[in-house]
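Computed from the coordinates by the stated procedures, all read-outs in this text should not be read as laboratory data. Since we're looking at a predicted model, the values are computed, not measured. Using ideal geometry, Cβ is built from the backbone for each residue, glycine included, and neighbour counts are taken over all protein chains shown.
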Amino acid sequence: MPSGAEKANLGLVNCAAEDLPFADDSFDVVFHVGGINFFNDKALAVREMLRVAKPGTKLMIADETADYVDEQYKKSAMSRKVFRRCNCRSGGD
């Protein structure tokens, strides 16, 4: 029996947000949660999201604030290691 993702024709693609590997006007939904504060070029990433969205599609972007990242993620031993390893910095650092 197909899973929910297979029924909905969903997949996962790992790529640069600033250069999405999809044709123009490809998606009925564009939904991004987390990470935009780490993008190299936020404006370009948003333009790419708009480019791949079909006309009239609403774009939804949700993200953590730099304060939230500092206060929450860097407290956890596991996520603190990831931040150190990738030398990640939250928005205002």
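Other residues lying with their Cβ under 10 Å from the Cβ of LYS54 contribute a combined charge of -3, Lys and Arg counting +1, Asp and Glu -1. Along segment 29-37 the Karplus relation, 6.51 cos²θ - 1.76 cosθ + 1.60 evaluated at θ = phi - 60°, assigns HN-Hα couplings of 9, 10, 9, 10, 10, x, x, 4, 5 Hz to successive residues, with x for each Gly and Pro. Around the amide H of ALA53, modelled in the peptide plane, lie the amide H atoms of ASP25, SER26, PHE27, all under 5 Å away and 5 or more residues distant in sequence or on another chain. Listed by chain and number, the aspartates and glutamates placed with their C-alpha closer than 14 angstrom to that of LYS54 are ASP24, ASP25, ASP28; residues fewer than eight positions away on the same chain are left out.
3J(HN,Hα) along segment 41-52: 9, 4, 4, 5, 4, 5, 4, 5, 4, 5, 4, 7 Hz, from the Karplus curve 6.51 cos²θ - 1.76 cosθ + 1.60 with θ = phi - 60°, whole Hz, x for Gly and Pro.
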